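Visitor: What follows is a structure written as structure tokens; I'll ask about it next.
The values are calculated or read from the model by the stated rules, or taken from the named source; none is laboratory data. These numbers were taken from a predicted model, which means no experiment stands behind them. Glycine gets a Cβ as well: all are built from the backbone with ideal geometry, and neighbour counts include every protein chain shown. These accessible areas exclude ligands, DNA and RNA; they are computed on the full protein's heavy atoms, side chains included. Shrake-Rupley method; radii C 1.70, N 1.55, O 1.52, S 1.80 Å.
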Amino acid sequence: MKISIFGLGYVGVVTSAILARNNQVVGVDVNPVKVDLINKGNSPIIETDVDKLIKDGVENNNLKATTDSKEAILDSDLSVVCVGTPSNQDGSHNLNYLDKVLSEISDLIKEKDSYHLVVIRSTSPPGTTEEMIEKYFKNLNVGICFNPEFLREGSAVKDYINPPYIVIACNDDKSIELMKEFYKEVDSELLITSFKEAEILKIVSNVFHALKIVFGNEIGRFCESYGIDGRNVMDLICKDKKLNISEKYLKPGFAYGGSCLPKDLKSFLYLTKQKDVCLPLIGNISLSNEAQINAAINKIQSHNKKSVSFLGLSFKPGTDDLRESPYVRLVEHFIGKGYSVKIYDPNVSLAKLMGANKEYLEREIPHISQLLYEDMDDVMDSEILVINHNFDIKSNIQDKKYLVDLS
Ligand SMILES: NC(=O)c1ccc[n+]([C@@H]2O[C@H](COP(=O)([O-])OP(=O)(O)OC[C@H]3O[C@@H](n4cnc5c(N)ncnc54)[C@H](O)[C@@H]3O)[C@@H](O)[C@H]2O)c1
């Protein structure tokens with residue numbers, strides 16, 4: 001393929017060096033020093049394996065660099081955009097470089113008759129690519145692809161060649177086919193998604209990495225204060241791929257509750273206070289859980305109706321454990337606000353409930369017996385239906401119901 005790469009920073013240089021093994025690559029940068037270095041067979045960045053790839057690419061005449069965008073666009077069928085998107089003062093991404101380079105590319109593409117694919121690799125907030133298409137690429141013979149980059153500096157070549165997956169969002173089928181060709185030497189699953197999802201995916205991945213680092217460090221500080229080896233603890237945590245390092249507990253849904261998580265989190269925070277260890281991330285977990293409950297309350301209230309049914313009451317499906325169930329909190333709230341409330345949960349029957357569960361329920365919702373229904377059909381007449389567990393209610397649903405799905 002004939003490829004132009006815009007922006008010869010970490011991403012652009014690594015991409016150029018690797019692609020030059022089997023393609024005709026021209027790198028473009030506004031910085032003539034970087035361009036000069038590459039044309040002399042030297043890498044402008046320090047990165048394992050890149051020096052040799054650049055040297056080989058230039059020697060084989062597969063790689064050159066220029067400051068001339070026109071030459072690069074006219075001499076390529078596909079452009080990869082890797083310009084920087086640094087932080088503004090307010091924390092937002094600075095999209096000036098991206099905007100400028102796409103405007104330039106759009107003007108140059110107008111001079112071409114053939115189809116041109118523009119692949120954006122610069123990290124940008126959701127909506128950016130669609131905005132740029134609207135602004136610069138409407139009615140042009142052009143494909144636009146957003147393809148987030150997951151490489152890490154220090155192991156960038158390895159990461160490029162062996163990514164967790166390849167994610168693309170494209171505006172036409174031809175771009176998808178070209179992207180398959182573009183990645184034919186990378187043995188990794190290619191996933192197609194929407195522009196906004198692909199854009200936020202990159203940002204969320206980095207947020208998640210930051211979260212993991214901070215969590216690991218907080219556990220480390222806590223353990224140190226108790227003379228425990230935090231690395232050993234985290235090694236054991238990471239060994240559990242069923243619950244700890246897994247998909248479990250990571251999908252958006254409703255707040256946590258139950259007899260274990262709130263209790264042990266509280267006790268953990270008590271222990272941190274005893275040792276005067278400051279753990280802001282873990283210390284704020286319950287605050288975020290409260291925010292989730294409040295968001296659900298706001299969602300239900302936003303319908304401006306006065307009757308609501310809750311399908312599911314226990315803290316999770318398949319149990320009758322009601323202790324610290326966030327759904328009980330919801331029910332309490334709406335009873336307090338004067339709503340007509342109905343509850344259905346096949347696992348929660350006053351006749352069968354015993355011990356701590358029964359006591360808890362009668363204490364939290366004193367008139368619960370009048371609100372609990374044994375048959376799902378009996379609760380379907382409320383104006384708002386709140387689905388707390390995974391009930392299949394499609395067959396029961398009547399018109400003009402407001403559904404709030406918290407499952
Ligand atoms: N560095 C990483 O590890 C990494 C990993 C994944 C994604 N990303 C993302 O990739 C993008 C690039 O990151 P980077 O670290 O390579 O950036 P960088 O700042 O190192 O390099 C950007 C380059 O773009 C050039 N440039 C600016 N405007 C230009 C224009 N109009 N035409 C041509 N060149 C232009 C600059 O001169 C610079 O050399 C960013 O959005 C970043 O968030 C970076």
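Visitor: Please name all residue pairs, on different chains or six or more residues apart, with Cβ atoms under 9 Å, provided the first residue is in region 342-367 and is under 24 Å from residue 393 (Cα atoms) and the second residue is in a loop (DSSP other than H, G, I, E, B) and among the β-branched types (Val, Ile, Thr).
Guide: 343/365; 347/319
Visitor: Here's another thing I want to ask about it. Could you check region 285-400 for strands (runs of 3 or more DSSP E) lying wholly inside it with 3 or more residues that are open to solvent by 20 Å² or more (accessible area, probe 1.4 Å)? Don't jump to the end; show me each part of the working.
Guide: Values: elements: 307-311, 340-344, 384-387.
It comes to 340-344.
Visitor: Moving on. Answer with yes or no whether residue 257 is outside any helix (DSSP H, G or I), open to solvent by less than 70 Å² (accessible area, probe 1.4 Å) and in contact (Cβ under 8 Å) with a residue 12 or more places away in the chain.
Guide: Details: outside any helix (DSSP H, G or I): yes; open to solvent by less than 70 Å² (accessible area, probe 1.4 Å): yes; in contact (Cβ under 8 Å) with a residue 12 or more places away in the chain: yes.
Considered against the rule, which asks whether it is outside any helix (DSSP H, G or I), open to solvent by less than 70 Å² (accessible area, probe 1.4 Å) and in contact (Cβ under 8 Å) with a residue 12 or more places away in the chain, residue 257 comes out as yes.
Visitor: For the structure I just gave you, tell me whether residue 78 is in the same structural domain as residue 120 (by TED's automatic domain parsing), open to solvent by 70 Å² or more (accessible area, probe 1.4 Å), at negative phi and of a type in the set (A, V, I, L, M).
Guide: Answer is no for this residue.
Visitor: If you check residue 348 against the conditions, is it modelled with pLDDT of 95 or more and either in the same structural domain as residue 382 (by TED's automatic domain parsing) or touching a Pro at 6+ places or on another chain (Cβ under 7 Å) (or both)?
Guide: Answer is no for this residue.
So that you can scan it fast, the table gives a plain yes or no per residue for (1) at pLDDT below 95; (2) within 22 Å of residue 200 (Cβ to Cβ); (3) among the hydroxyl-bearing types (Ser, Thr, Tyr):
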{"residue": "111", "(1), (2), (3)": "yes, no, no"}
{"residue": "115", "(1), (2), (3)": "no, no, yes"}
{"residue": "128", "(1), (2), (3)": "no, yes, yes"}
{"residue": "165", "(1), (2), (3)": "no, yes, yes"}
{"residue": "180", "(1), (2), (3)": "no, no, no"}
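Visitor: If I ask for residues that are open to solvent by less than 80 Å² (accessible area, probe 1.4 Å), of a type outside the set (Gly, Ala, Ser) and within 15 Å of the ligand (Cβ to nearest atom), which ones from region 54-66 would you list?
Guide: Listed by number, the residues that qualify are 54, 66.
Visitor: Now for a different question. Can you find a residue in region 17-40 that is surrounded by fewer than 14 Cβ atoms within 10 Å (Cβ to Cβ), assigned to a loop (DSSP other than H, G, I, E, B), near the ligand (Cβ under 10 Å from one of its atoms) and within 31 Å of the chain's Cα centre (by Cα)?
Guide: Among the residues of region 17-40, not one is surrounded by fewer than 14 Cβ atoms within 10 Å (Cβ to Cβ), assigned to a loop (DSSP other than H, G, I, E, B), near the ligand (Cβ under 10 Å from one of its atoms) and within 31 Å of the chain's Cα centre (by Cα), which makes the answer no.
Visitor: Could you count how many residues in region 132-143 are surrounded by fewer than 23 Cβ atoms within 10 Å (Cβ to Cβ), within 16 Å of the ligand (Cβ to nearest atom) and not basic (Lys, Arg)?
Guide: Adding up the residues that qualify gives 1.
Visitor: Something else: Within region 158-179, how many residues turn out to be free of Cβ contacts under 8 Å to residues at least 40 places away in the same chain, open to solvent by 100 Å² or more (accessible area, probe 1.4 Å) and farther than 22 Å from residue 13 by Cβ?
Guide: 2
Visitor: Answer yes if at least one residue in region 84-96 is part of a strand (DSSP E or B), in contact (Cβ under 8 Å) with a residue 40 or more places away in the chain and either open to solvent by 60 Å² or more (accessible area, probe 1.4 Å) or away from the ligand (no atom under 15 Å from the Cβ) (or both), and no otherwise.
Guide: Taking every residue of region 84-96 in turn, none turns out to be part of a strand (DSSP E or B), in contact (Cβ under 8 Å) with a residue 40 or more places away in the chain and either open to solvent by 60 Å² or more (accessible area, probe 1.4 Å) or away from the ligand (no atom under 15 Å from the Cβ) (or both).
Visitor: Which residues, counting only those in region 42-59, are part of a helix (DSSP H, G or I) and either touching a residue at least 24 places away in the same chain (Cβ under 8 Å) or closer than 13 Å to residue 18 by Cα (or both)?
Guide: 50, 51, 52, 53, 54, 55, 56, 57, 58
Visitor: Quick one: in region 191-226, of everything that is over 15 Å from residue 250 (Cβ atoms), touching a strand residue (DSSP E or B) at 6+ places or on another chain (Cβ under 8 Å) and hydrophobic (A, V, I, L, M, F, W, C), which residue is most open to solvent (accessible area, probe 1.4 Å)?
Guide: 192
Visitor: Residue 182 passes all but one of (1) touching a residue at least 12 places away in the same chain (Cβ under 8 Å); (2) within 15 Å of the ligand (Cβ to nearest atom); which number fails?
Guide: (2)
Visitor: Any residue in region 19-41 that is assigned by TED's automatic domain parsing to the domain that holds residue 185 sitting within a Cβ distance under 6 Å of a residue that is open to solvent by less than 10 Å² (accessible area, probe 1.4 Å) and in a loop (DSSP other than H, G, I, E, B)? List the pairs, counting only those 6 or more apart or interchain.
Guide: Note: pairs meeting the criteria are 27/8; 29/8; 34/8.
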